[in-house]
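Worksheet: one structure, shown below.
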Amino acid sequence: MSAATTAAYLARRAVQKERVRILYRRALKDTLNWAVHRHLFYQDASDLREKFEFHKQVKDLDTIDKMIAAGEATYNKWRHPDIVPWAPGGPKFTRNPVPPSRIEIVYDYGREDNE
């Protein structure tokens, strides 16, 4: 291999390793979100690690790209629904609704000019 080919190969491998690392961390954190009890999380985390370790020895770059894409698709399919509390559908949505427009709100923070 020439120097340019080697550099391109190493750059592509570095990107793949980073994508796998990010995917594993996201999946591990999401596994904790789905676990009801910590002992269930430990088993699921162990199973997840085994899935990643099983494919660790694959060397073909195109195969690795396909496996990463499949893993990301699976992660997105089973991702925990992160609902922002104050967004529509969240538990805090309209908890403190805006007062009607006919009500005048006067803020008195102890200032002397409010007389």
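The values are calculated or read from the model by the stated rules, or taken from the named source; none is laboratory data. Not measured: the values here are computed from a predicted model. Note: ideal-geometry Cβ built from the backbone for every residue, glycine included; neighbour counts use all protein chains shown. We work out accessible area using only protein heavy atoms, side chains counted, and drop any ligands, DNA or RNA first. Shrake-Rupley method; radii C 1.70, N 1.55, O 1.52, S 1.80 Å.
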Selected residue (criterion: nearest to the chain's Cα centre (by Cα)) from residues of segment 37-64 that are part of a loop (DSSP other than H, G, I, E, B) and either under 27 Å from Ile83 (Cα atoms) or of a type in the set (A, V, I, L, M) (or both): His37
In segment 46-62, residues that are in contact (Cβ under 8 Å) with a residue 40 or more places away in the chain and open to solvent by 80 Å² or more (accessible area, probe 1.4 Å) total 0
I'm trying to understand the selection: among the residues of segment 1-36, which are over 16 Å from His80 (Cα atoms) and in contact (Cβ under 8 Å) with a residue 12 or more places away in the chain? Tyr9, Arg12, Arg13, Gln16, Arg19, Val20
Residues satisfying the stated conditions in segment 12-36, i.e. part of a helix (DSSP H, G or I), open to solvent by 80 Å² or more (accessible area, probe 1.4 Å) and hydrophobic (A, V, I, L, M, F, W, C): Val15, Trp34
If I ask for residues that are among the aromatic types (Phe, Trp, Tyr) and either modelled with pLDDT of 75 or more or within 30 Å of Tyr9 (Cβ to Cβ) (or both), which ones from segment 58-115 would you list? Tyr75, Trp78, Phe93
Inter-residue pairs, beta-carbon under 6 Å, first without any contact (Cβ under 8 Å) to a residue 12 or more places away in the chain and in segment 63-76, second open to solvent by 40 Å² or more (accessible area, probe 1.4 Å) and of a type in the set (S, T, N, Q), 6+ apart: none
